[in-house]
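Heads up: the structure comes next, in structure tokens.
The values are calculated or read from the model by the stated rules, or taken from the named source; none is laboratory data. All values reported here derive from a predicted model rather than from experimental measurement. Because the Cβ atoms are built from the backbone with ideal geometry, glycine has one as well, and the counts that use them run over all protein chains shown. The area values use the complete protein model at the heavy-atom level, side chains included, leaving out ligands, DNA and RNA. Shrake-Rupley method; radii C 1.70, N 1.55, O 1.52, S 1.80 Å.
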Amino acid sequence: MKTSYQSVPAFVTKDGSTIRELMHPNVHAAMGSHAQSFAEAIVEPGTTTLLHIHPITEEIYHITSGVGQMILGENVFAIASGDTIVIVPGTKHCVTNTGTVPLKILCASSPAYSDEDTVLL
């Protein structure tokens, strides 16, 4: 099954990023999505998402556009288009857009993303 980018509304998550749930069980279960979610997150220039953890969910971020800086556990490092990062459950993380264009991140989450599994620090 498929979705269309234009048909998926954007919303602001608990960490402050704007996301589009391109595939999520809460919306697309009838299409076959049951155990994971796939989204695009956008962080505007000069902004930082709130530091948080997901006690249960594993995430994979793939940067598709822009540059920034990421806090992942005790590490702080630059991120840019083409980078892929795994975030294991319970690891604190956030991203800052250090560039002049929106930082775009594809986010795969298993189990599927939920605000209930987002703990702000």
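Modelled with pLDDT under 95, in a loop (DSSP other than H, G, I, E, B), touching a helix residue (DSSP H, G or I) at 6+ places or on another chain (Cβ under 7 Å) and over 19 Å from V119 (Cα atoms) - does that describe any residue in segment 7-20? No, segment 7-20 contains no residue that is modelled with pLDDT under 95, in a loop (DSSP other than H, G, I, E, B), touching a helix residue (DSSP H, G or I) at 6+ places or on another chain (Cβ under 7 Å) and over 19 Å from V119 (Cα atoms).
Against the criterion of being within 13 Å of L51 (Cα to Cα), assigned to a strand (DSSP E or B) and without any contact (Cβ under 8 Å) to a residue 60 or more places away in the chain, T96 qualifies. Selection of segment 69-89 for residues being farther than 22 Å from V119 by Cβ, more than 14 Å from the chain's Cα centre (by Cα) and assigned to a strand (DSSP E or B) yields F77, A78, A80.
Within segment 49-64, being part of a strand (DSSP E or B) and either under 19 Å from L120 (Cβ atoms) or open to solvent by 40 Å² or more (accessible area, probe 1.4 Å) (or both) holds for H52, I53, E58, E59, I60, Y61, H62, T64. V76 satisfies every condition listed in (1) open to solvent by 60 Å² or more (accessible area, probe 1.4 Å); (2) modelled with pLDDT under 85 except (2).
Can you tell me which residue in segment 23-42 is farthest from the chain's Cα centre (by Cα), limited to those that are open to solvent by less than 30 Å² (accessible area, probe 1.4 Å) and at pLDDT 85 or above? Spell out how you get there, then give the answer.
Going through segment 23-42, the residues open to solvent by less than 30 Å² (accessible area, probe 1.4 Å) turn out to be 24-25, 28, 33, 37, 39-41.
This time we only want the ones that are at pLDDT 85 or above, so: 37, 39-41.
Numbers: S37: 10, A39: 7, E40: 7, A41: 5 Å.
Per the stated criteria, the residue is S37.
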